[in-house]
Amino acid sequence: MPRLRFSAAAVAAALLATPAFAADATPDAGPPQWVFFGTYTVGKGLESKGIYRSRFDPAAGTLTEPELAAEVAQPTFLAVHPTRKYLYAIGEVNAVGGVKGGGVHAFGLDSATGKLTPLNSASSVGPGPCHVVVNPAGNMIAVANYGGGSSVFYKLADDGKIGDKVAFFQHAREGDAKPGQKPPHAHCSAFLPDGKFALVNDLGLDRVKVFAVDAAAGKVDDAPADIVLPPNAGPRHVALTPAADFAYVCGELDSTVNVVKLDPATGKGEVVQSLSTLPKPVKGNSTAEVVRHPSGKFVYVSNRGHNSVAAFKVGDDAKLTAAGHITGDIKVPRNFNVDPSGRWMLIASQNGDKVGVWELNPETGLGKETGRTVAVGRPVCVKFVPVAK
């Protein structure tokens, strides 16, 4: 039988032609994503009429031109239901239905088309709402009122509508306030994965308030102890580990990221590390958002003033090491998010009226600006929802 002979060049060409060795092969990026943008509908810059929607291709890192998904006033922050059938939006307005306070709105979400259908609305009870989140069971929402320094909890019906109010808490400082101390300013909420506790960051009190939650019984109670942040940190947003044994809290006022060790069984916690989000002090800087990378290897915090996103590597002990900064054409990064594949970061420039795409390095956690942007008026929230087949 004759012996077949192949040149080295022929073998290399054959290997490159197979799927496993194809030169242009890329890891599975997962399904395309709808990206919903919360915005300010008043102010200078490009006009915005509400919530906008783009389609994101995670294989190429491209966004389609945004379309108006829902016309609503001041839908600054958004939350997606665990079933992905509903979306909730804060309305930073003075009153809803004649009731003092801002609003929170429920929408039906068709993840095949990205269409939003209005369901109902409710008052935030307190003025200046700025954040809404859905609990893991999908039967309760929490709303943080920045202007009123309060938080409110609502039931959610099976059809996604906002139901009865469960509890309202007016935040207050323990003891008498000292001259120069800030009033309470609730800034965000987060439910622990088992849904038994809710954390509410209060920028004015330098505390993360802890609430015990029994969603099935429709009860929320003030927990025995709050988590104390460093003085003048101004806790703004929070990102949790999947086991809820650690939380990462950005300090808006002192430009820090704070690592909080949590006891998920009791809701108690303490700060074990605080790091600056800046390479050097920047006058007037404030942090806005904190995001944990899907791989768990990195934590990111946006800087308004320095106009960057600070990157931190996560150690085996959950503590952080500064990794550098993601920079580029960024103007007041109020919000950003990492797509589920972990390959791309979308940064919303509030004062740049656009959302840009950065490609993330899986080893360093830093990002390369792609130059791909879409125009969105005063964008302040970025949420992903997989496109359904």
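Figures for the structure shown
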| read-out | value |
| --- | --- |
| Subset tally (residues that are touching a strand residue (DSSP E or B) at 6+ places or on another chain (Cβ under 8 Å), open to solvent by 60 Å² or more (accessible area, probe 1.4 Å) and aliphatic (A, V, I, L, M)) for segment 39-58 | 1 |
| Residue match in segment 164-171 (condition: in contact (Cβ under 8 Å) with a residue 12 or more places away in the chain, part of a loop (DSSP other than H, G, I, E, B) and open to solvent by 20 Å² or more (accessible area, probe 1.4 Å)) | no |
| Single residue of segment 333-370 satisfying the filter (in a strand (DSSP E or B) and of a type in the set (Gly, Ala, Ser)) that is surrounded by the most Cβ atoms within 10 Å (Cβ to Cβ) | 348 |
| Single residue of 136, 118 found to be in a strand (DSSP E or B) and within 26 Å of residue 55 (Cα to Cα) | 118 |
| Members of segment 265-296 found to be in a loop (DSSP other than H, G, I, E, B), surrounded by fewer than 16 Cβ atoms within 10 Å (Cβ to Cβ) and not aliphatic (A, V, I, L, M), listed by number | 266, 279, 280, 281, 283, 284, 294, 295, 296 |
| Residue 184 being open to solvent by less than 40 Å² (accessible area, probe 1.4 Å), part of a loop (DSSP other than H, G, I, E, B) and at pLDDT 95 or above | yes |
| Whichever residue in segment 237-264 is in contact with a Phe, Trp or Tyr (Cβ under 9 Å, 6 or more places away or on another chain) and under 18 Å from residue 222 (Cα atoms) and, among such residues, is surrounded by the fewest Cβ atoms within 10 Å (Cβ to Cβ) | 264 |
| Qualifying positions in segment 224-236 - crowded, with 18+ Cβ neighbours inside 10 Å and either on the phi < 0 side of the Ramachandran plot or of a type in the set (D, E, K, R) (or both) | 226, 227, 229, 233, 235, 236 |
| Residues being open to solvent by 10 Å² or more (accessible area, probe 1.4 Å), touching a strand residue (DSSP E or B) at 6+ places or on another chain (Cβ under 8 Å) and among the acidic types (Asp, Glu) - total across segment 187-223 | 4 |
| Close pairs from segment 100-125: first more than 20 Å from residue 76 (Cβ to Cβ), partner open to solvent by 50 Å² or more (accessible area, probe 1.4 Å) and of a type outside the set (A, V, I, L, M), Cβ under 6 Å, at least 6 apart | 108/117; 111/84 |
| Qualifying residue in segment 217-235 (condition: basic (Lys, Arg) and more than 20 Å from the chain's Cα centre (by Cα)) | yes |
| Among the residues listed as 327, 321, the single one being at pLDDT 95 or above, open to solvent by 40 Å² or more (accessible area, probe 1.4 Å), touching a Gly at 6+ places or on another chain (Cβ under 7 Å) and of a type in the set (Val, Ile, Thr) | 321 |
| Restricting segment 59-81 to residues that are within 17 Å of residue 355 (Cβ to Cβ) and of a type in the set (Gly, Ala, Ser), the residue that is surrounded by the fewest Cβ atoms within 10 Å (Cβ to Cβ) | 60 |
| Segment 99-115: number of residues that are among the charged types (D, E, K, R) and at pLDDT 95 or above | 2 |
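The values are calculated or read from the model by the stated rules, or taken from the named source; none is laboratory data. Everything numeric here is computed off the predicted structure, so don't read it as measured data. Note: ideal-geometry Cβ built from the backbone for every residue, glycine included; neighbour counts use all protein chains shown. Surface accessibility is based on the protein's heavy atoms, side chains included, excluding ligands, DNA and RNA. Shrake-Rupley method; radii C 1.70, N 1.55, O 1.52, S 1.80 Å.
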